Structure formats: structure tokens, C-alpha cells
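Undergrad: I'd like to ask you about the structure that follows.
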Amino acid sequence: MPKHERTAGVILSVIVLSVSTALPAVLLFVCYRLHFWLGIVGESAMCYYLLAARCLRDESMKVYRALAAGDTEGARRAVSMIVGRDTDALTAEGITKAAVETVAENTSDGVTAPMFYIMLGGAAAGFFYKAANTMDSMLGYKNERYLRFGCFSAKLDDALNYLPSRLTALLMILSAYLSGMDGGNAYRIWRRDRLNHASPNSAQTEAVCAGALGVMLAGDAVYFGKLVKKQTIGDDLRRVTPEDIPAANRLMYVTSVLMLLLTLTFRTLLFGVLL
């Protein structure tokens, strides 16, 4: 029954979130009680594994190298590992777009949003966010199987990403300027297209990336064999090329550094006030 599916989804979310947050919190409590620096080392290691910048770069560059070598089938296999859409019929241009969109969206989901929650509550809060985001990626599909069961996970992820995605978009606009990209167009497209997505958050960074690169992203895609109509993001000023993948990664790294500086500054000021 629909009601029972929703309830089951809530129960699963509560269990996963509780375990994912409690285990690192207890472990860190023990480490800090044993020795302050043991806690610092342990929490630093946890924070490192919460951030997906390197993984995102490595996986997207597999797509780039395959495309650069003319191996469309290899690129199709590589991109299928980092996107949720069906990839069997994607052209080389479609593969490239999918990779760029993934880097743009996951700059927030995989890197800066975890930093945001680590800033607020340390590694335990980072694991809370990561668990919620992972559940959304596994259950938050709007199809018959997951529409009700994954509803709570999807809504929770939307709420948790609301502020980080918008802060990341603003930092990404600044990063476009710092990276020698079109920061002015990045801001213009963000203002115009930041809500061109079923998610209230995903188009925030995708719009900035599309504007910075001067390309059009998003549009219709196939999920589980079904065509899903989606709005486009950005202007079709030129065709997307494989070189846009490393460019999106550069944008991701500069944005990540800016977020790191911002969060470290906040934590330093916070501890200064508390002490």
C-alpha cells in the first residue's frame, strides 16, 4: 500500500541516518578522550573520505580519455558509472554532456556540501549529510518502484542541499572569473536557468557551469527505458567537446578551494568566540 511504502521509507532513512551518524560520533568521542591529537587525526581522515573531488575527477577523466581516443563505447561504459540515466544510445556529444553535468552537480553534492556540514558539526555531521545524499541517489527516483518509498529520502536531500547548492553556485561564479572562464555569462545563466530542473538544487551549479563554458546542458534524457522531458540549461553558443570535461573539473577544484577557505575561516572564528 502507498502509505506503508512511505512509512517504510521513513523508517529506513531514520535507521540509516542514525547509524551513519552515531558510529563516527562515538568513535571520535573515544579518540578525543584518549588523546586530543588522536581525535584530530581520526576526524581529519574521516573528513578526507567524505570529500569526493578526486574520485569525481578520476571517473570523469576516464570518460574524457576514452572520448579523446575515439572509443565511444568505452566512454559510454565509463559515463554509465557516474550517471543515473540510460547510456546505451548516447552519442559522443551526449556522453560529454552527461559527464560535464555530473561534475557540475556533484561539485556541490560530493564536495562543497559535505564541507558545509563538516563546518557546522564536524565529521559526524558530514556523515549524516553523506548518508542522506547517498540514499537519495539510490532511492530518490520518480518511477513506480521508488516514487513513494524514496519520497522522504528525496525531500530530505532537497532540504539539506538548499543552502549549500546556492552558496556553491556563488563561489563557482567567482571561480569562473579566477579560472579565466566567462564569469559574467556564468552569472547571467545562473540567474536565468538556476531553477530549470525538477530538483530545486541541481540546476544551481549546472547553470553556472553551462554559462562559464558557453554551452547548453541538460535537456531530455532516458531513465529506466523511459524518456524524461527536461528543460535545457545554458545557451547553445557552441557544441560541447571532450575538452569541457577537464574544464569542468578545473571549475570544481577552484570552487572547492574557495569553500575550504570559507569553512576554515568560519570554524576559526567560531572557536575564537567560544574560547
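The values are calculated or read from the model by the stated rules, or taken from the named source; none is laboratory data. Given the structure is predicted, the values throughout are model-derived calculations rather than measurements. We place every Cβ from the backbone using ideal geometry, glycine too, and count neighbours over all the protein chains shown. Accessible surface areas use protein heavy atoms only, side chains included; no ligands, DNA or RNA. Shrake-Rupley method; radii C 1.70, N 1.55, O 1.52, S 1.80 Å.
Undergrad: I need the full set of residues from the stretch 71-84 which are within 21 Å of the chain's Cα centre (by Cα) and surrounded by fewer than 17 Cβ atoms within 10 Å (Cβ to Cβ), in order please.
TA: Arg77, Met81, Gly84
Undergrad: Give just the number: which of (1) modelled with pLDDT under 90; (2) open to solvent by 80 Å² or more (accessible area, probe 1.4 Å); (3) within 17 Å of Ala132 (Cβ to Cβ) does His4 not satisfy?
TA: Unmet condition: (3).
Undergrad: Something else about it: Restricting attention to the stretch 52-64, does a residue exist that is under 20 Å from Cys209 (Cα atoms), small (Gly, Ala, Ser) and assigned to a helix (DSSP H, G or I)?
TA: Within the stretch 52-64, one or more residues are under 20 Å from Cys209 (Cα atoms), small (Gly, Ala, Ser) and assigned to a helix (DSSP H, G or I).
Undergrad: Could you grab the pairs with beta carbons closer than 6 Å, sequence gap of 6+ or different chains, first residue in the stretch 185-201 and at pLDDT below 90, second one not in a helix (DSSP H, G or I)?
TA: Asn196/Gln231; Asn196/Ile233
Undergrad: Scanning the stretch 133-167 for residues that are of a type in the set (Phe, Trp, Tyr) and not in a loop (DSSP other than H, G, I, E, B), which turns out modelled with the lowest pLDDT? Please lay out each step first, then the result.
TA: Of all residues in the stretch 133-167, those of a type in the set (Phe, Trp, Tyr) come to 141, 146, 149, 152, 162.
Those left that are additionally not in a loop (DSSP other than H, G, I, E, B): 152, 162.
On the way: Phe152: 80, Tyr162: 95.
The selected residue is Phe152.
Undergrad: Mind telling me which of the residues Leu171, Leu237, Leu178 ends up being of a type in the set (A, V, I, L, M, F, W, C), over 29 Å from Gly74 (Cα atoms) and open to solvent by 30 Å² or more (accessible area, probe 1.4 Å)?
TA: It is Leu178.
Undergrad: Kindly check whether there is at least one residue in the stretch 130-150 that is β-branched (Val, Ile, Thr) and within 12 Å of the chain's Cα centre (by Cα). Write out each step before concluding.
TA: The first filter runs over the stretch 130-150 and keeps only residues β-branched (Val, Ile, Thr), leaving 134.
Those still in the list that are within 12 Å of the chain's Cα centre (by Cα) too: 134.
Yes, because at least one residue in the stretch 130-150 is β-branched (Val, Ile, Thr) and within 12 Å of the chain's Cα centre (by Cα).
Undergrad: Here is a further query. Please enumerate the residues belonging to the stretch 8-26 that are open to solvent by 70 Å² or more (accessible area, probe 1.4 Å) and either closer than 16 Å to Lys155 by Cα or not in a helix (DSSP H, G or I) (or both).
TA: Going through the stretch 8-26, the residues open to solvent by 70 Å² or more (accessible area, probe 1.4 Å) turn out to be 11, 14-15, 19, 23, 26.
Residues satisfying the conditions are Ile11, Val14.
Undergrad: Out of curiosity, is Arg76 charged (D, E, K, R) and free of Cβ contacts under 8 Å to residues at least 12 places away in the same chain?
TA: Numbers: charged (D, E, K, R): yes; free of Cβ contacts under 8 Å to residues at least 12 places away in the same chain: no.
When the stated conditions are applied, Arg76 does not pass them.
Undergrad: Now for a different question. Looking at this structure, is Leu56 modelled with pLDDT under 95 and surrounded by 16 or more Cβ atoms within 10 Å (Cβ to Cβ)? Walk me through how you get there before you give the answer.
TA: Values: modelled with pLDDT under 95: yes; surrounded by 16 or more Cβ atoms within 10 Å (Cβ to Cβ): yes.
Taking the combined requirement at face value, the residue satisfies it.
Undergrad: Out of the residues in the stretch 230-261 that are closer than 24 Å to Pro200 by Cα and not in a helix (DSSP H, G or I), which is nearest to the chain's Cα centre (by Cα)?
TA: Only one residue fits best here, namely Ile233.
Undergrad: If you don't mind, there's one more thing I want to ask. Scan Ala98, Ala75, Ala89, Ala104 and give me the residue that is in a helix (DSSP H, G or I) and more than 20 Å from Gly214 (Cα to Cα).
TA: Values: Ala98 fails: more than 20 Å from Gly214 (Cα to Cα); Ala89 fails: in a helix (DSSP H, G or I); Ala104 fails: more than 20 Å from Gly214 (Cα to Cα).
Ala75 is the lone residue from the list that is in a helix (DSSP H, G or I) and more than 20 Å from Gly214 (Cα to Cα).
Undergrad: Could you list, in sequence order, all residues of the stretch 28-40 that are free of Cβ contacts under 8 Å to residues at least 40 places away in the same chain and either farther than 16 Å from Gly126 by Cβ or open to solvent by less than 90 Å² (accessible area, probe 1.4 Å) (or both)? Don't jump to the end; show me each part of the working.
TA: Of the residues in the stretch 28-40, the ones free of Cβ contacts under 8 Å to residues at least 40 places away in the same chain are 29-40.
Matches in the stretch 28-40: Val30, Cys31, Tyr32, Arg33, Leu34, His35, Phe36, Trp37, Leu38, Gly39, Ile40.
Undergrad: Right, here's the next one. One residue is enough: does the stretch 98-107 have a residue meeting the conditions more than 18 Å from Arg250 (Cα to Cα) and in contact with a Ser or Thr (Cβ under 9 Å, 6 or more places away or on another chain)?
TA: As a first pass, look at the stretch 98-107 and keep what is more than 18 Å from Arg250 (Cα to Cα): none.
No, the stretch 98-107 contains no residue that is more than 18 Å from Arg250 (Cα to Cα) and in contact with a Ser or Thr (Cβ under 9 Å, 6 or more places away or on another chain).
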